[in-house]
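Q: Mind looking over this structure? Questions follow.
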Amino acid sequence: MTTSSPQDALSLSVTEAAMRSFGTASNPRLGEVMALLVKHLHAFVQESHLTKAEWLQGLEFLTASAAITDGERNEFSLISDIMGISSMVDVVSQPVGGTPSSVLGPFHNHDSKVKPNGSDLTEGQAGERTWFKGRVVGVDGQPIPNAELDFWQNADNGLYPAQDPEQDPHNLRCKIKCEADGSFNLLTIRPHPYTVPTDGPVGALLRASNRGIWRPAHYHVIVSAPGHVGLVTELFPEGSDYIDNDTVFGVRPGLVVPFVPSHNKAVAERFGIETPFLEVNFEFCLVKAN
Ligand SMILES: [Fe+2]
């Protein structure tokens with residue numbers, strides 16, 4: 001690398017020394033990641049001509065983020081989301097050929113109950129009845145037996161159970177064992193757009209940046225099957241508000257799906273619902289694990 005001034009030479013030596021300092025890490029991957037992080041953060045400081053006042057402001061932002069973070073709320077996860085870093089990690093770790101992955105979000109629970117395929121999750125609550133069905137297949141299009149869906153979404157008021165004491169903690173979430181032919185179906189409601197939390201430092205940053213605070217409506221799904229790479233993804237109703245302006249950059253081509261009015265009387269009778277209801281059909285494609 002060539003340098004053009006004594007200041008450039010000095011900054012180069014600081015960067016090289018800071019990168020080298022992580023070469024002693026006992027875990028080589030830690031050393032590699034930290035050296036690259038230092039390299040790119042130093043380049044950012046140089047390119048932006050970051051002032052001391054701005055650097056202090058950044059430290060105050062991180063300190064305020066730590067203060068609001070607890071077991072229920074993680075402001076650092078939100079920082080990652082609204083900077084598109086969570087989505088970038090998804091993109092670079094995505095195996096080639098399968099359904100696109102998308103962000104996990106903060107409302108996933110590991111303790112969702114396993115319900116029979118074809119379950120009704122609506123349990124009398126408000127919301128546009130939606131029959132969500134499809135298959136889990138491999139990249140060759142063949143069904144994957146013994147796949148499992150972990151499904152969660154927000155209620156008709158736009159809130160997840162963790163945000164709404166009126167809701168049962170298990171409302172509108174479950175695990176479903178798919179059939180031998182990879183098929184699954186369940187009755188749920190249409191999801192709704194919602195805002196990311198705005199009462200902390202990230203909210204202040206979004207306001208200062210004149211940025212949106214909304215996520216488009218979506219279903220969250222984790223698909224897993226023996227011998228295959230697990231998939232964490234989201235499905236977005238075609239035409240949902242904010243589909244082109246997701247504040248966490250989670251929308252991907254191939255994950256925007258039509259919610260089609262259905263007059264299928266047999267399905268309406270099975271669930272005891274009126275026609276037309278909405279129908280969503282999606283094929284999840286998993287890649288084989290190495
Ligand atoms: Fe969500």
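Q: So what J values fall out for segment 265-273 if you push phi through Karplus, 6.51 cos²θ - 1.76 cosθ + 1.60 with θ = phi - 60°, rounded to Hz, Gly and Pro as x?
A: Here the 3J(HN,Hα) series is 5, 4, 5, 4, 5, 4, 9, x, 10 Hz.
Q: Where does each of Arg190, Arg215, Arg20 land when they are ranked from fewest to most other beta-carbon atoms within 10 angstrom? If you can, show how the numbers build up before the last one.
A: Details: Arg190 18, Arg215 28, Arg20 12.
The most exposed by this proxy come first: Arg20, Arg190, Arg215.
Q: Something else now. Let me know the shape class of segment 95-231, please: from the alpha-carbon gyration tensor, a ≥ b ≥ c as square roots of the eigenvalues, rounded when a/c is under 1.5, otherwise prolate if a/b is greater than b/c, or oblate. Let's see the in-between values first.
A: Details: a/c = 2.37, a/b = 1.47, b/c = 1.62.
It comes out oblate by the Cα gyration axes.
Q: Under a point-charge model restricted to the Cβ atoms of Lys and Arg (+1) and Asp and Glu (-1), what is the dipole moment magnitude of the chain relative to its Cα centre, in debye to the nearest 20? Don't jump to the answer; show the numbers that get you there.
A: Details: 21 positive and 34 negative charges, 109 e Å.
I would put it at about 520 debye.
Q: Where Lys and Arg each count +1 and Asp and Glu each count -1, what net charge lies around Asp90 among other residues with Cβ under 12 Å from its Cβ?
A: Values: positive: Arg252; negative: Asp81, Glu234.
Local charge sum for Asp90: -1.
Q: Let me ask something additional. Where in segment 111-153 are there trypsin sites (Lys or Arg not before Pro) that are in a DSSP coil and have at most 12 other Cβ atoms within 10 angstrom of their Cβ? If you can, show how the numbers build up before the last one.
A: Numbers: sites: Lys113, Arg129, Lys133, Arg135; in loops: Lys113.
Passing both the DSSP loop test and the Cβ count: Lys113.
Q: Straight-line reach from Lys113: which aspartates and glutamates have Cα under 18 Å away, leaving out those fewer than 8 places along the same chain?
A: Glu123, Glu148, Asp150, Asp168, Glu179
Q: On to the next question. List the GluC sites (Glu not before Pro) within segment 3-86 that fall in a DSSP loop (any state other than H, G, I, E or B) and whose Cβ has at most 10 other Cβ atoms within 10 Å. Working shown, then result.
A: On the way: sites: Glu16, Glu32, Glu47, Glu54, Glu60, Glu72, Glu75; in loops: Glu72.
When the GluC sites (Glu not before Pro) of segment 3-86 are filtered for loop state and at most 10 Cβ neighbours within 10 Å, Glu72 remain.
Q: In the chain, what % of DSSP beta bridges are antiparallel (nearest 5)? Numbers along the way, then the final one.
A: Details: 29 of 43 bridges.
Here the antiparallel bridges make up roughly 65 percent for the chain.
Q: From the C-alpha gyration tensor of the chain, pull out the three semi-axes of the equivalent ellipsoid (sqrt of 5λ each), sorted largest to smallest, in whole Å.
A: Numbers: eigenvalues 363, 109, 52 Å².
Three semi-axes, in Å: 43, 23, 16.
Q: Relative contact order for segment 6-85: what is it in percent, counting Cα pairs under 8 Å that are at least 6 residues apart? Write out the running numbers ahead of the final one.
A: Working: 30 pairs, mean separation 13.2, N = 80.
Reported as a whole number, the value is 16 percent.
Q: Oh, and also: List the GluC sites (Glu not before Pro) within segment 242-290 that fall in a DSSP loop (any state other than H, G, I, E or B) and whose Cβ has at most 13 other Cβ atoms within 10 Å.
A: Details: sites: Glu269, Glu274, Glu279, Glu283; in loops: Glu274.
Answer by residue number: Glu274.
Q: Here's something else I'd like to know. State which entries of Lys265/Lys288; Lys39/Lys288; Lys133/Lys265 exceed 26 angstrom in Cα-Cα distance in the structure shown. Please list the in-between numbers first.
A: Numbers: Lys265/Lys288 38 Å; Lys39/Lys288 35 Å; Lys133/Lys265 16 Å.
Over 26 Å apart, Cα to Cα: Lys265/Lys288; Lys39/Lys288.
Each reported figure results from applying straightforward, stated rules to the coordinates on display, with no laboratory input. Please read these numbers as outputs of a predicted model, since none were measured by experiment. FYI the Cβ positions are ideal-geometry reconstructions off the backbone, even for glycines, and counts take in every protein chain you see.
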